[in-house]
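Worksheet: one structure, shown below.
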Amino acid sequence: MSIGDWDVFGNLSRLRRDLARFSQQAWPGLRSDDAGDLWVPPVDIYEQGNTLVLLVDLPGVRREDIQLRVDRDSLTIEGQRLAAEGAASIRAERPVGRFHRSFRIAAPVDLAGAQAAYRDGVLRVVIPRGTSAAPVRLRVTVE
């Protein structure tokens, strides 16, 4: 077998499904519903001046399929990437289905000043430091 024949992503996907099936068989009382279908987009978080900036890689996800919620101590990003309709897959390495990420915000932030923009498959969330307020749902704009 050459390195070109080894399908890392396919093997990882099969391993994830096998582990989910094993845990369901070993502990049938645990409800997983569709948790096995969740995928995890990569995220970078950094400080820039007096703001927190999050960059989330979401290629192929439609803007209207992304939901954001920011409250005084957390940021939640969730949504879904849909599979191509009417297409017979020859190879599928990009995950489809629902995703969910949640992050704790350790410092007071200005929730009213939070902004989110989606461009070239990257979601950018900017949250200024300040005082906490009531939770908000951010509207994602397309740049």
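The values are calculated or read from the model by the stated rules, or taken from the named source; none is laboratory data. These numbers come from a predicted model, not from an experiment. Reconstructed Cβ throughout: ideal geometry from the backbone, glycine too, with neighbour counts over all protein chains shown.
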Can Val56 be described as at pLDDT below 90, surrounded by 15 or more Cβ atoms within 10 Å (Cβ to Cβ) and in the same structural domain as Val125 (by TED's automatic domain parsing)?
-> no
Among the numbered criteria (1) loosely packed, with under 14 Cβ neighbours inside 10 Å; (2) more than 28 Å from Leu12 (Cβ to Cβ), which single criterion is violated by Ala114?
-> (1)
Spot the failing condition for Arg129; the list is (1) farther than 29 Å from Asn11 by Cβ; (2) of a type outside the set (A, V, I, L, M); (3) modelled with pLDDT of 90 or more, and only one is missed.
-> (3)
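Residue by residue, here is whether (1) modelled with pLDDT of 80 or more; (2) within 11 Å of the chain's Cα centre (by Cα); (3) assigned by TED's automatic domain parsing to the domain that holds Arg129; (4) farther than 30 Å from Gly130 by Cα holds:
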residue	(1), (2), (3), (4)
Gly4	no, no, no, yes
Ser13	no, no, no, yes
Arg16	no, no, no, yes
Gly49	yes, no, yes, no
Val70	yes, no, yes, no
Glu93	yes, no, yes, yes
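May I ask you to say which residue of Ala134, Ala117 is at pLDDT below 80 and of a type in the set (A, V, I, L, M)? Reasoning before the result, please.
Numbers: Ala117 fails: at pLDDT below 80.
Residue meeting the stated conditions: Ala134.
Filter the stretch 59-68 for residues that are touching a strand residue (DSSP E or B) at 6+ places or on another chain (Cβ under 7 Å) and either of a type outside the set (A, V, I, L, M, F, W, C) or modelled with pLDDT under 90 (or both) and give the result. Steps first, answer last, please.
Applying the first criterion (touching a strand residue (DSSP E or B) at 6+ places or on another chain (Cβ under 7 Å)) to the stretch 59-68 yields 60-61, 63, 65-68.
Listed by number, the residues that qualify are Gly60, Arg63, Asp65, Gln67.
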